[in-house]
1. Where in the chain lies the longest segment free of trypsin sites (Lys or Arg not before Pro) that are both loop residues by DSSP (not H, G, I, E, B) and have at most 13 other Cβ atoms within 10 Å?
2. Write out the GluC sites (Glu not before Pro) in segment 90-167 meeting two conditions: DSSP loop, and at most 12 other Cβ atoms within 10 Å of their Cβ.
3. What is the mean projected area of the alpha carbon convex hull for segment 97-183, to one decimal in square nanometres?
4. Have a look at segment 27-104 and give its Rg and Dmax from the Cα atoms, expressed in angstrom.
5. In angstroms, what radius of gyration and Dmax does segment 3-61 have, counting Cα atoms only?
6. Which residues in segment 126-144 have a backbone N closer than 14 Å to a point placed 7 Å from the Cα of Asp150 along the Cα-to-Cβ line?
7. Considering only DSSP beta bridges with both partners in the chain, what is the antiparallel share in %, to the nearest 5?
8. Mind listing the Cα extents of the chain along all three principal axes, in Å, largest one first?
Amino acid sequence: MRIVGIETATELVGVAVDDGAGRRAAAWASGSRRHTEALAPTLVHVLEQAGLSLGQLEVVAVDVGPGLFTGLRVGVATAKGLAQGLGVGLVAVTSLDVLAHAAYDAGHQGPLLAVVDARRSEVFAAFYSGCRPDGLPVTEAPGALWRPEDLAAEVAGRPLLAVGDGARRYGELLGVPVAGSSLAGPPPASLVALAALRLAGGEVPQSPAEVHPVYLREADATVNFVERAPTGGG
């Protein structure tokens, strides 16, 4: 199936296309929290690279998070609108699964820790025990929100590799090997590859109405409003 993947969970904006014959085109753009401006040109560029038109796409894959709130809203809304307009289904993939797939696809074997920077001195993280024969990563537990010091205590003494921008930011504290910059963000090509594997395994694409961002915590604006709200009677 011809799949387009939209990746906006971190500061980097990425788009990838699989033409249905295993050939892929992908591109990154620096979001710098300007995901709206960066996404559309990147999408156009990748489709041109792949020699495909929007009308030829059969599935839309999207990273639903966890990650940056603004990026996720932009990416998921764009993916839903695109799928709706094309009359195709969506495959929702998490940022942590994309990172894990990228690491295993690059040749890593064994335990893995995927970590996405959640800001406010927190991270989103998930542990993976390995990779299945079909290429899908095996998670030990769903992704969760951690304080870096608590995550460091959890990984102490465990022989694993950490990937993601959160791992790079807190690598010294975590005390585990950290992958290089190529695995700092979820690669869009890995997003599309993972979606293709899941479709090959029998997964049925969802309707746009069924797909929502996975935040794992309240938005910063909501938290700040609550913290600043006056207390006590008047």
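Throughout, read-outs are computed from the coordinates displayed, never taken from laboratory work. Here the structure is a predicted model, which is why all the values come from computation and not from measurement. Neighbour counts run over all protein chains shown; Cβ positions are idealised from the backbone, glycine included.
1. Maximal segment without exposed cleavage sites: 121-234.
2. Numbers: sites: Glu122, Glu140, Glu149, Glu154; in loops: Glu140.
Passing sites in segment 90-167 are Glu140.
3. Numbers: hull surface 19.9 nm².
The number I arrive at for segment 97-183 is 5.0 nm².
4. 12.8, 34
5. 11.0, 34
6. 126, 143-144
7. Beta bridges within the chain, antiparallel portion: roughly 65 percent.
8. Computed over the Cα atoms, the extents are 55, 53, 30 Å.
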